[in-house]
Amino acid sequence: MKLLDKYILKQIFAATLVGIILFIVVWISPEILFKIIKRTVAGEYTIAVAIKRFIFEIPEILGKAIPVGLLLGNLFIFDKLSKDFELTILRNIGISLKRILAPVIALSIIFSILCFVTYDKLIPIAAKKLEALNNDRETIQFVYMKKTKEEKPEQIIIVSNYSDYKIKGVTVLNFSQHNLSNKPLMDRVYSAEYALYTPDYWELRDGVEYFINDVNIYEDITKFDSIKILDKETSARVYKIMQLSTKKHETFTNDELKEYISLLKKEKLTDEYLYNQNKLYQRYFQVISCIFLAICGVVLGFGRPREKRLIGFTSAVGVIFMYYLINPFLDLLAQYGVLPPMLTAAIPCLLVIAATLTAAKLKQLI
């Protein structure tokens, strides 16, 4: 049995690596590689920068490629074993499907850990390297609403240009809490060239203050050198939210994502909280999915010696499309609270399990 395990492991490992590499090549060629080549030819990138950008783009694709590689690698090898009558011989001498799956599961666990580390460590590191290479980084806007205990708007802070830890073009809408109508009314507006951050407050510099009366008409306009906004409890939290909210969820480590989710919960930003919670759970279910995708590949590879290969590979393509294309829809369901994030993150894995059991039943393996 040790010889059998080594024989299966060696073939699956090689086939999985080939599947991962092919997926990366297919994924990176149309868009990313073309963009890098175009900018290199135009003189925007040197050859060294182009190579570095290409390398740093790979980890994000690798996270998606590992599950696909496990599915296709196992499918290819077990389809070959079926056509060569090797699986038929193994079954006839009394070796069960569970025993044949042992080396498959062992290898898939290793790759699933690699997938988890890729999302938690490699992708965030690569994203920071890309950011350092990107000299023409786009500026990012940020909007924050501070509310009272009664959930009424108290202040809206609009940062029109946040990049590289610089807070520029700050507008603050200050709402009156003494109006008698149900509609919130502004009593003043601050517009500043930039803001300085401290853990105790934000300091607006070189700005203009607009005073507004009860009927929303400007009464007075004055210039100021410095005005402090936000209290000690809120200042650091808002600054941290600004830093994290302007990043893609793929660039977060798990600890950063957990911290961001905690901040969103405190600020009662429900949509963003549910969305990012769903993304965190997806990383954990990705580990389980890798294992079941490997098993799915084995089941789809099982077949009669003269059975056409097209059925298994077509089914595998269907599983891949189902696994990835359904995610954006599930993200929306989680974000708007239609389904709990734990469930939306688990659904792709559950669908893979269902597809595996269905294929196993059709092939009379269970």
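Restricting V317, V287 to residues that are touching a residue at least 40 places away in the same chain (Cβ under 8 Å), part of a helix (DSSP H, G or I) and of a type in the set (A, V, I, L, M) narrows the list to V287.
Might you let me know whether the stretch 340-360 holds any residue that is at pLDDT below 90, farther than 13 Å from L293 by Cβ and buried (at least 18 other Cβ atoms within 10 Å of the Cβ)? Yes - at least one qualifying residue is present in the stretch 340-360.
Which of the residues that make up the stretch 260-279 are part of a helix (DSSP H, G or I) and aliphatic (A, V, I, L, M)? Even if it seems obvious, please write down each step before you answer.
If we filter the stretch 260-279 for residues that are part of a helix (DSSP H, G or I), which is where we start, we get 260-266, 270-279.
If the condition is that a residue be part of a helix (DSSP H, G or I) and aliphatic (A, V, I, L, M), then I261, L263, L264, L274 are the ones that fit.
When you scan the stretch 336-366, how many residues do you find that are under 29 Å from the mean Cα position of the chain (by Cα) and in a loop (DSSP other than H, G, I, E, B)? First the steps, then the outcome.
First pass over the stretch 336-366, keeping only residues under 29 Å from the mean Cα position of the chain (by Cα): 336-357.
Still in the running and in a loop (DSSP other than H, G, I, E, B): 336-340.
The total comes to 5.
For the stretch 220-254, a residue qualifies if it is modelled with pLDDT of 85 or more, within 14 Å of the chain's Cα centre (by Cα) and either crowded, with 16+ Cβ neighbours inside 10 Å or among the acidic types (D, E) (or both), and exactly one does: F252.
L257 meets all of the listed conditions (1) touching a Lys or Arg at 6+ places or on another chain (Cβ under 9 Å); (2) farther than 21 Å from Y162 by Cβ; (3) part of a helix (DSSP H, G or I); (4) not small (G, A, S) but one, namely (2).
For the residues K168, K146, the requirement of being modelled with pLDDT under 90, surrounded by 15 or more Cβ atoms within 10 Å (Cβ to Cβ) and in a strand (DSSP E or B) singles out K146. Taken over the stretch 74-98, the criterion of being part of a helix (DSSP H, G or I), out of contact with any Gly (no Cβ under 6 Å at 6 or more places or on another chain) and either surrounded by fewer than 17 Cβ atoms within 10 Å (Cβ to Cβ) or not aliphatic (A, V, I, L, M) (or both) is satisfied by F76, K80, K83, E86, T88, I89, R91, N92, L97, K98.
Given the options L97, L72, L90, L107, name the one that is modelled with pLDDT under 80 and under 39 Å from the mean Cα position of the chain (by Cα).
Details: L72 fails: modelled with pLDDT under 80; L90 fails: under 39 Å from the mean Cα position of the chain (by Cα); L107 fails: modelled with pLDDT under 80.
The match here is L97.
Looking across the stretch 11-60, the residues that are free of Cβ contacts under 8 Å to residues at least 40 places away in the same chain, among the polar types (S, T, N, Q) and not in a loop (DSSP other than H, G, I, E, B) come down to S29, T40. Residues that are among the acidic types (D, E) and surrounded by 16 or more Cβ atoms within 10 Å (Cβ to Cβ) within the stretch 6-43 are absent altogether. Return yes or no: is E60 over 21 Å from G301 (Cα atoms), among the acidic types (D, E) and over 26 Å from the mean Cα position of the chain (by Cα)? Criteria not met by E60.
With respect to I55, is the statement that it is within 23 Å of the chain's Cα centre (by Cα), over 28 Å from G318 (Cβ atoms) and of a type in the set (A, V, I, L, M) true? For I55, the condition - within 23 Å of the chain's Cα centre (by Cα), over 28 Å from G318 (Cβ atoms) and of a type in the set (A, V, I, L, M) - is met.
Condition check ((1) of a type in the set (F, W, Y); (2) in contact (Cβ under 8 Å) with a residue 40 or more places away in the chain) across all residues:
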residue: N278; (1), (2): no, yes
residue: I291; (1), (2): no, yes
residue: F313; (1), (2): yes, yes
residue: P328; (1), (2): no, no
residue: A334; (1), (2): no, yes
residue: V338; (1), (2): no, no
residue: A359; (1), (2): no, yes
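I need a count of the residues in the stretch 85-113 that are in contact (Cβ under 8 Å) with a residue 40 or more places away in the chain and among the charged types (D, E, K, R). Adding up the residues that qualify gives 1.
Quick one: which residue in Y190, Y194 is surrounded by fewer than 18 Cβ atoms within 10 Å (Cβ to Cβ), among the aromatic types (F, W, Y) and over 22 Å from the mean Cα position of the chain (by Cα)?
Details: Y190 fails: surrounded by fewer than 18 Cβ atoms within 10 Å (Cβ to Cβ).
Every option except Y194 fails the conditions.
The values are calculated or read from the model by the stated rules, or taken from the named source; none is laboratory data. Owing to the predicted nature of the structure, the values given are computational and were not obtained by experimental measurement. A quick note on method: Cβ atoms are made from the backbone with ideal geometry, for glycine too, and the neighbour counts reach across all protein chains shown.
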